[in-house]
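Everything below concerns the one structure shown next.
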Amino acid sequence: VWNAAGQFRMGLGFVGVELSLIGSGRRQSLRKDRVSCGGVGGRVKPTLVFESQGFQRVFSVFENNSAAGSGRDQKRNPSQTSTIVMSAAVAVGALVVSASAAGLYAYRRIVNALLSSLPETEGKFIVGASEFMCEKENLLVRVFYPTDLKKLPPPDSRSVIFNSAGEKNPSVLAKAYATHFGVPAFLWPLFRLLGFCRISAAPNARLSTATDRFPVMIFSHGLAGVPTLYSTFCVDMASHGYFVVGIEHSDGSSVASIRPDGSILKYRNLKDHVSDESDKLAEYRFRNGQLQYRVQEMKKVLDWLDDLNSGVRRERLDLKGRLDLSDITASGHSFGAATALEACAVYPNTFNQCIALDSWMFPVSKESYDILRNQRVRSLFINNEYFQWRKNLEMIDLLSHREQVTLLGSTHYTQSDVLMFLPERILGIVGLPKLYMDPVTAVRVNNRLAISFLDFRLDEFMKSLPAEHASFVRHDHGNAVESATSADHTLSGHAATTAAASPSTS
């Protein structure tokens with residue numbers, strides 16, 4: 001995308017301009033390197049020269065071909081003046097047309113890059129994506145699922161990443177994110193371009209008939225997130241045979257959320273609800289309140305799926321008898337990972353396993369934490385090196401039946417789609433940290449870890465990692481604090497400055 005912008009100037013050199021003019025009873029043609037305009041007693045030759053390094057404008061060179069010669073004091077007749085004015089107008093018009101065409105060329109290059117900016121899946125299924133406004137539950141969800149398609153549709157026919165506000169009102173999420181990151185209003189249209197970004201999924205395709213029933217995964221997004229910004233993870237899980245449901249939470253933790261009644265729910269800033277942001281108890285109460293609301297939304301989604309699976313309700317996607325509700329995975333990122341863990345504690349007989357992506361343990365209630373320390377729900381924690389801190393890792397280390405892996409050189413946003421369509425030089429503008437690990441490689445390794453865990457072959461996967469990926473992954477074997485300290489990772493650099501306290505956002 002960034003390179004396409006640099007070709008704007010070069011695009012000027014690719015434009016050929018041809019206009020037809022009618023004047024003085026003769027037909028004149030304007031071509032890219034010469035304009036001939038006939039007139040009484042003279043000839044004007046404005047020449048437009050286009051080069052890849054820019055353009056030049058050479059305006060009228062008057063040649064008097066009349067019998068009277070080229071006397072300087074000869075008066076121009078009205079026809080000559082009209083011809084010169086027309087030539088100048090043509091020249092300016094040609095420049096405007098060429099600049100517009102070059103701008104369109106660069107714009108199309110940017111859009112084409114965004115159409116295919118997210119990586120394709122690695123599972124055996126082509127994935128479908130669909131969106132549902134659950135009016136009874138007052139929820140918006142996006143589902144990703146296996147299909148029988150043999151290949152993906154062309155990029156411009158795939159699902160858009162900002163579908164939650166995209167196919168209805170694409171500017172909602174773009175404006176919300178620009179505001180959240182403090183981007184000046186005149187730059188908001190740049191965020192609107194993200195509405196062109198496509199994911200590797202076919203919109204509203206039919207569910208695969210390759211098997212009778214598919215296991216279910218419920219995904220919870222992080223603070224200031226939306227489920228569509230984790231499309232790479234969700235689509236990849238679906239390509240391996242999972243029916244994935246991403247919830248757009250309505251607790252005010254989404255950057256912006258369109259409700260079934262069409263209203264827009266804005267993000268709730270901590271500072272607007274807690275008078276003293278250094279008061280950790282007040283922050284905990286606020287965040288835990290949101291967490292409990294989120295857990296109830298996960299339960300609502302499970303009830304919705306149960307109704308669809310039993311045939312009590314029907315949607316455009318026929319799910320009657322197609323879901324294996326005895327095999328359900330809770331998953332999420334950051335605050336969403338805390339939501340998934342809390343849900344496993346509150347509904348211990350509902351979820352079989354949990355995948356916590358860079359979890360934020362601060363909002364988890366003490367009662368749920370005590371349950372998690374003793375219950376037998378399998379859990380995988382995939383941590384990012386430049387986010388975790390000692391207190392958070394100590395809480396994870398005390399949980400039972402867990403696996404822990406750290407992605408070295410990764411940031412808190414590594415497991416989302418954000419870093420794959422924002423160039424590194426833009427990250428500083430919107431306040432995101434510098435990249436230390438290739439985002440596509442990080443997401444691919446992250447997704448392979450999740451799938452190998454679900455398939456009960458995590459240890460086998462870790463042993464078979466190719467050399468170019470093994471250097472990015474550390475298996476913490478039950479004690480992340482000890483592993484991080486001995487390896488001189490995680491608790492150094494950024495994490496060392498936050499070791500004494502939890503961050504207020506995640």
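The values are calculated or read from the model by the stated rules, or taken from the named source; none is laboratory data. This one's a predicted model, so the numbers in the text were calculated from it and none came from an experiment. Please note: Cβ atoms are built from the backbone with ideal geometry, for glycine as well, and neighbour counts cover all protein chains shown. These area figures cover heavy atoms from the full protein model, side chains too; ligands, DNA and RNA do not enter into them. Shrake-Rupley method; radii C 1.70, N 1.55, O 1.52, S 1.80 Å.
Tabulated data for the structure shown
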item	result
Selected residue [in a helix (DSSP H, G or I) and within 22 Å of the chain's Cα centre (by Cα)] from Ala337, Ala345	Ala337
Selection status of Ser379, crowded, with 24+ Cβ neighbours inside 10 Å and hydroxyl-bearing (Ser, Thr, Tyr)	yes
Scan of the stretch 435-472 for residues that are free of Cβ contacts under 8 Å to residues at least 24 places away in the same chain and either open to solvent by less than 10 Å² (accessible area, probe 1.4 Å) or among the small types (Gly, Ala, Ser) (or both), ordered by number	Ser452, Ser464, Ala467, Ala470
The stretch 196-253 - residue that is in contact with a Pro (Cβ under 8 Å, 6 or more places away or on another chain) and aromatic (Phe, Trp, Tyr) and, of those, farthest from Thr329 (Cα to Cα)	Phe214
Single residue of the stretch 228-278 satisfying the filter (without any contact (Cβ under 8 Å) to a residue 24 or more places away in the chain and not in a loop (DSSP other than H, G, I, E, B)) that is least open to solvent (accessible area, probe 1.4 Å)	Leu265
Residue selected from the stretch 155-171 under the condition open to solvent by 80 Å² or more (accessible area, probe 1.4 Å) and assigned to a loop (DSSP other than H, G, I, E, B), by the criterion modelled with the highest pLDDT	Lys168
Answer residue from the stretch 411-447, given it is of a type in the set (Lys, Arg) and either assigned to a helix (DSSP H, G or I) or under 23 Å from Arg378 (Cα atoms) (or both) and is modelled with the lowest pLDDT among those	Arg425
Verdict on Thr339 being in contact with a Phe, Trp or Tyr (Cβ under 8 Å, 6 or more places away or on another chain) and modelled with pLDDT of 95 or more	no
Hey, Arg314 open to solvent by 20 Å² or more (accessible area, probe 1.4 Å), among the charged types (D, E, K, R) and without any contact (Cβ under 8 Å) to a residue 12 or more places away in the chain or not	yes
Verdict on Leu149 being at pLDDT below 80, open to solvent by 10 Å² or more (accessible area, probe 1.4 Å), among the aliphatic types (A, V, I, L, M) and not in a helix (DSSP H, G or I)	no
Of all residues in the stretch 356-410 being under 15 Å from Asp476 (Cβ atoms) and among the β-branched types (Val, Ile, Thr), the one that is modelled with the highest pLDDT	Ile382
Unique match (being polar (S, T, N, Q) and in a strand (DSSP E or B)) among Ser359, Ser379, Ser368	Ser379
Condition check for Ala174: of a type in the set (Gly, Ala, Ser), open to solvent by less than 20 Å² (accessible area, probe 1.4 Å), in contact with a Phe, Trp or Tyr (Cβ under 9 Å, 6 or more places away or on another chain) and modelled with pLDDT of 85 or more	no
Those residues of the stretch 110-134 which are touching a Leu at 6+ places or on another chain (Cβ under 8 Å) and modelled with pLDDT of 75 or more, in sequence order	Glu120, Ile126, Gly128, Ser130, Glu131, Phe132, Met133, Cys134
Subset of the stretch 348-374 (residues that are more than 14 Å from Leu291 (Cβ to Cβ) and hydroxyl-bearing (Ser, Thr, Tyr))	Thr350
Matching residues in the stretch 317-331 - criterion: being more than 19 Å from Ile451 (Cα to Cα) and buried (at least 18 other Cβ atoms within 10 Å of the Cβ)	Leu319, Arg322
Residue check for Phe286: at pLDDT below 85 and either open to solvent by 20 Å² or more (accessible area, probe 1.4 Å) or among the hydroxyl-bearing types (Ser, Thr, Tyr) (or both)	no
Verdict on Glu403 being in a strand (DSSP E or B) and open to solvent by 30 Å² or more (accessible area, probe 1.4 Å)	yes
Residue identified as out of contact with any helix residue (DSSP H, G or I) (no Cβ under 8 Å at 6 or more places or on another chain), among the polar types (S, T, N, Q), under 20 Å from Gly225 (Cα atoms) and surrounded by 22 or more Cβ atoms within 10 Å (Cβ to Cβ) among Asn392, Asn384	Asn384
Residue list for the stretch 337-350, restricted to those being open to solvent by less than 10 Å² (accessible area, probe 1.4 Å) and either of a type in the set (A, V, I, L, M) or in contact with a strand residue (DSSP E or B) (Cβ under 7 Å, 6 or more places away or on another chain) (or both)	Ala337, Ala338, Thr339, Ala340, Leu341, Ala343, Cys344, Ala345
Which numbered condition Ser334 misses (of (1) open to solvent by less than 20 Å² (accessible area, probe 1.4 Å); (2) under 19 Å from Asn138 (Cα atoms))	(2)
